[in-house]
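Take a look at the structure set out below.
FYI, it's all coordinate maths here, none of it is from the lab. Predicted model, so just to flag it, every value in this text is computed and none were measured. With ideal geometry, Cβ positions are generated from the backbone for all residues, glycine too; neighbour counts draw on all protein chains shown.
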Amino acid sequence: MSLLTDSHRTRLGWSDELEHAFEPHAAEGLVPARVTVQNRGLYLVAGDDGELQAEPTGRLRLAAANGGTLPAVGDWVAVRPHQGDGRATIAAVLPRRTKLSRKVPEREIEEQVLAANVDVIFVVTSLNRELKLRRLERYLATAWESGASPVIVLTKSDLAEDADERRLEVESIAFGVPVHAVSSVTREGLDDLPRYFAGHRTAIFLGSSGVGKSTLINALAGEEIQATAEIRESDDRGRHTTTRRELIVLPDGGIVIDTPGMRQLQLWDADEGMDTAFSDVAELIAQCRFSDCAHKTEPGCAIRAALVDGSLRRDRWESYTKLQRELFALEVKLDKGLKSEQRKKWRARERQRRHPKRW
């Protein structure tokens, strides 16, 4: 698929800030481009020279192996185009404004950058059995941590009999986040979304498989640019069609990044994102009498009082504590000193359990 008819860098989101950051690379004869596709170590990049196949230099790969970073979709990079073969070499990654990351599934400690330089994160879920508030809380914590602004999009409103009720449920946990119920079939609510792309802004569509991300992108583009599949009658889910993260420039301006559906989104360094996504919980914790309150038996605990009077739902509190445990477990793995301390505490508890009379 040809990315652009007019591949001018402005349409890809170039800015004065990027122009300044690129000056040292321009002096080396390199040119700017934006990563549009990342697939198993190979890249497509687009800029003033059109779309090129690209590979990172050995130096960039070595730096990434030692704690640096490889390019991700949405990154602006400095490339050296080859002569006449439609290929280029990626020499450097420009500083990122925002970064959307998760922990790599099934690996102990490794960060995966899903996309870079994103302005808006559309957290997409469908108004059927797919809708789960606890999953949305996880996505919102990750979105807020990235530095971009989250927006919740509830798709397939034409298939939901209780769309208004379910939207209210979502709004109850989405503090400060716009919520839009849309239908790509009837086009209900779609007119509310283009404003998020104004000024060549970049938005990523994030959600589970089959929630209608590609169908929504096609509706916004006004043409079939992403493959889609029909909904299965057995479970109201669409079949997974997107197989890679891909940056697409919309005909009327703005950039979208489509992503494969994710089976799981494990948190990565999301402390600030948690405070924002659970601002109601954070506010209550600040009201506890003791700063180190464990929210169990301490007097003056605002959390326990809120659980009793119903102003804080127990399932939301349990979701918060579950995500905090996940972040702490990751922190222990990343911090060898903290890991050693936790191991000593665990061994002490085990000794006490096995020989209680000695304690």
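Points to keep in mind about this one:
- Of residues in the range 271-312 being more than 26 Å from residue 329 (Cα to Cα) and of a type outside the set (S, T, N, Q), the one farthest from the chain's Cα centre (by Cα): 299
- Among the candidates 36, 57, 10, residue that is touching a strand residue (DSSP E or B) at 6+ places or on another chain (Cβ under 6 Å), loosely packed, with under 15 Cβ neighbours inside 10 Å, among the β-branched types (Val, Ile, Thr) and at negative phi: 57
- The range 14-43: number of residues that are without any contact (Cβ under 8 Å) to a residue 12 or more places away in the chain and part of a strand (DSSP E or B): 0
- Test result for residue 103, under 22 Å from the mean Cα position of the chain (by Cα) and without any contact (Cβ under 8 Å) to a residue 24 or more places away in the chain: no
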